[in-house]
Amino acid sequence: MLNSFTRAGKLKRWLARPDCPPFLKACKAAFDKAFGQEREQDTWQNDDVALRARHRFDNVFFSRASTHVGNSLILYYPDGDYGATPLPGSIEYIVVTKNKGVVYAVRRQLPAPSGSLDPFRFYPHFLAKTYSTTLSTDLQIIYPEWVISHYARWKLDKDRAVILTLSRVSPPFYLYFEKLAHLVCRIKY
């Protein structure tokens, strides 16, 4: 591991030299774009807000869809209602304000077309569900605190997509303990 770290340091130093060949500098720009930089550069739209390509929250990276589709797919609580069923959506914009507040402008994944059957409904512990392949045209403002996790999206056919939750802790686990807590609170001593 130390050897890899040393080689990476030497490569970074070499790329920063003024006599570095132009094609290698182009590679450096591609690497910076793909893997991010230490400090995110804001694109200020006016004096109040800026747009970002990426955002790190709770050691998880989120991106707008035009930067990295996989990191833009999120499950979130609508309007911050933690009692509601989480909705899947795609981050269209990451907006930063002057006071360093961050919000995501999200397009919600539309429900599956009417009349289509969800083959995953028989498997409650497999956190997959079918939705439409299209996203809503409306943008919703989502705070990073409302996001549960990323999700994977696989196109099943021209009208349907499979949405698979990539949560570190499964919702049925939460639901089980939530029901258990309500049961314990109802017992009279």
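Throughout, read-outs are computed from the coordinates displayed, never taken from laboratory work. The shown structure was predicted, so the numbers you read here are calculated from the model rather than taken from an experiment. Note that we place each Cβ from the backbone using ideal geometry, even for glycine, and neighbour counts take in every protein chain shown.
Give me the dipole magnitude in Debye, nearest 20, for segment 49-117 about the Cα centre, with unit charges on the beta carbon: positive for Lys and Arg, negative for Asp and Glu. Don't skip to the end; give the middle numbers.
Details: 8 positive and 4 negative charges, 76 e Å.
Rounded to the nearest 20 debye, it is 360 debye.
Normalising the average separation of contacting C-alpha pairs (under 8 angstrom, six or more residues apart) by the number of residues puts the relative contact order of segment 81-159 at 31 percent. Model label points for L24 and E145, set 7 angstrom from Cα along the Cα-to-Cβ axis, are 4.8 nm apart.
Here the extension length gained between T137 and Y123 equals 1.9 nm, from 0.36 nm per residue of separation less the Cα-Cα distance.
Assuming R0 = 30 Å, what is the FRET efficiency of S116 and R7, from their Cβ-Cβ distance, to the nearest 0.05?
Values: r = 52 Å, r/R0 = 1.73.
Once rounded, the FRET efficiency stands at 0.05.
Across segment 57-110, Cα-Cα distances exceeding 13 Å account for 62% of all pairs.
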